[in-house]
Amino acid sequence: MSPSNVSFSFVNLSRALFGAALVLAPAAGRAAPARPPLLTYEYLEAHIFADDAATITVAHLGDEAITLQDLGAVLMKSHTARAGGAKATKIDYGPLLDRVIDARLLAGEARNMGMDQTPEFLKSVEEFKNTAMQEMLKQTVTGTITPDPVEVDRLYKDATREWKVKSVLVTKEDDAKKLAADLKAGKPFEALVKQLVAEKKARGGEDAQFLPRPKLYAPVEAALQKLKLNELSPPVQVPGGYAIVKYEDVRYPEDPEAKAAAESQLVGRLKRDAMVKYYAGVVKRYVKPDEKLLANLNFEAKEPGFAAMLKDTRVLAEIEGGEPLTVAELAAALQQSFFHGVDRASAEKKLNREKLVVFDALISRRVVPLEVAREKIVDRPEFKQMVADHITGALFSKFMETVIVPGLKLDEPAARKYYEQHKKDYTYPAFYTLESLAFTSVKEAQAALTKLQAKTDFKWLNANAEGQVKPEDRKIEIAGTLSASGVPPDLAALLANAKKGDFRLYPGPEGQFYVIHVTQVTPAELQPFDQARQAVNDKLFGDQLGKSVKVWATKLRKAHAVKIYVKKVGR
């Protein structure tokens, strides 16, 4: 069984801390110079993301230097790829540097074999350069944009707002209108609602509760937006009848993710606006369009016909510093954009609708390279480094795909043996359906636990027990269906042997104590081998691939001068 459809990564790094530093070992009996010159230093402490990281060489591969900046770039990729929410651990830069050297050795071998000269590879590099140049140009325009904190706060509050409302749902429109009239006349809301509920003409009237936007019908939210504190809405038609709501309070729960999303949303909008404005200026700088000719072009007319337009050399736009754009080029681009052909597009009246879109795309292809040249993007050190890193990574992957992977073999007995030895890695975690009470002291939590174990109703206790933490002040939320792998380890251990109907006392964070009611348990379950087979094969293949890369790298190190200047790694 040979591996196939395998995707490769330049380097697979462990989790890392950004504050780490490399410490180069001092020579015995000598003091560290204040600012040693490149490669003559004997002791140096340097932050991995120092401003001068590109000048600090940590290793040589023949004549090629590997700098602190190179390690930082790889570390950044590792950090970005790490799963969201995963905690960073202390990085060991020695193995990291080894992997960088190994990757470059294999990339160099691929270059020696001519893999960098194939038409396919050269085309991919040019495509990367074009994309990278455009992205760097965008960064030039938008890199300094910072959001207005006031606007961020407005968006954040708009996203997290929770209204405290008391509501009633009246079944019939006439009853809803009468209720609204009585309320306008000053009659008390609670008494009127109680009467309608008793007459079975309405539902609701319970205690007010905080409701976030996702739990509100859009018409009800729109009505709330117009209300002042303690005001009542007019009847709002919703499924099942007509709602009248009383607005009693508002709150904005702390939500770091929502705050980050609000900032990201605003930054994205500001960047789009900046790019639109910038692009308009670029077009104005380079392009002189024949707007009258463009407006009068009819690609759907029978005369002279689309075929004639494919040969029409009239100039639609003069490009300063570039070739002019002609009618024929626009016609050809339109032809390419319609998969089913221009005849069908013409019959459906799509050609003329699309001509301005295609025209703008053609203009963009002409003027963006001119602007890239004006900004001297290709001369920037960061661009050159980006391209060099891409080529190294692509060659490393190409070498693995071409030389290493074909020699790797996976077989069923080995996969089954690994599965049997690592069953815990292929077991679905237990799931618990939970509800909980939170208290400010262990004494009150223990009292509640004792009452629940004595068959006191959970909902009654939730409504009446003293010393509870307000829902909005809870440090963790223990409710709903949760997996054993998705809760804190100490909570998972506490629930390990729990059965349906059990209660547990859990000391949570920051002096809060939780009484947990287990309402349902789904035990852990081993995946059958057929379901785990792909994951097992991936693991075994990855192990084989890593070993083979190391074998090749070890062999190549013997043929190349590799010098490493890092003797000690620390923080």
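The values are calculated or read from the model by the stated rules, or taken from the named source; none is laboratory data. None of these values were measured; they are calculated from a predicted model. A quick note on method: Cβ atoms are made from the backbone with ideal geometry, for glycine too, and the neighbour counts reach across all protein chains shown.
When Val287 is tested against (1) β-branched (Val, Ile, Thr); (2) over 26 Å from Ser167 (Cβ atoms); (3) within 31 Å of the chain's Cα centre (by Cα), only condition (3) is not met. Evaluated against (1) assigned to a helix (DSSP H, G or I); (2) surrounded by fewer than 16 Cβ atoms within 10 Å (Cβ to Cβ); (3) modelled with pLDDT under 90; (4) touching a helix residue (DSSP H, G or I) at 6+ places or on another chain (Cβ under 9 Å), Pro95 falls short on exactly one condition, (4). Among the residues of the range 173-191, those identified as basic (Lys, Arg) and either in a helix (DSSP H, G or I) or under 47 Å from the mean Cα position of the chain (by Cα) (or both) are Lys177, Lys178, Lys184.
At least 2 residues being under 23 Å from Asp174 (Cβ atoms) is the threshold, and among the strands (runs of 3 or more DSSP E) wholly inside the range 193-246 those reaching it are 202-204, 236-238. Sub-6 Å Cβ pairs linking a first residue in the range 463-490 that is touching a residue at least 12 places away in the same chain (Cβ under 8 Å) to a second residue that is among the aromatic types (Phe, Trp, Tyr) and surrounded by 14 or more Cβ atoms within 10 Å (Cβ to Cβ), at least 6 apart or interchain, are Gly467/Phe439; Gln468/Phe439; Ile478/Tyr514; Thr481/Phe431; Leu482/Tyr432; Ser483/Phe431, ordered by first then second residue.
No other residue among Thr402, Thr392 is touching a Lys or Arg at 6+ places or on another chain (Cβ under 7 Å), in a helix (DSSP H, G or I), within 30 Å of Glu64 (Cβ to Cβ) and touching a residue at least 12 places away in the same chain (Cβ under 8 Å) apart from Thr392. Here Arg374 fits the description: of a type outside the set (Gly, Ala, Ser) and exposed (fewer than 15 other Cβ atoms within 10 Å of the Cβ). Taken as a whole, the range 75-85 holds no residue that is touching a strand residue (DSSP E or B) at 6+ places or on another chain (Cβ under 8 Å), modelled with pLDDT of 60 or more and not hydroxyl-bearing (Ser, Thr, Tyr). Scanning the range 251-293 for residues that are among the charged types (D, E, K, R) and assigned to a loop (DSSP other than H, G, I, E, B) yields Glu254, Asp255, Asp290. Here the condition is being surrounded by 15 or more Cβ atoms within 10 Å (Cβ to Cβ), modelled with pLDDT under 90 and in contact with a helix residue (DSSP H, G or I) (Cβ under 7 Å, 6 or more places away or on another chain); of Leu395, Leu410, it holds for Leu410 alone.
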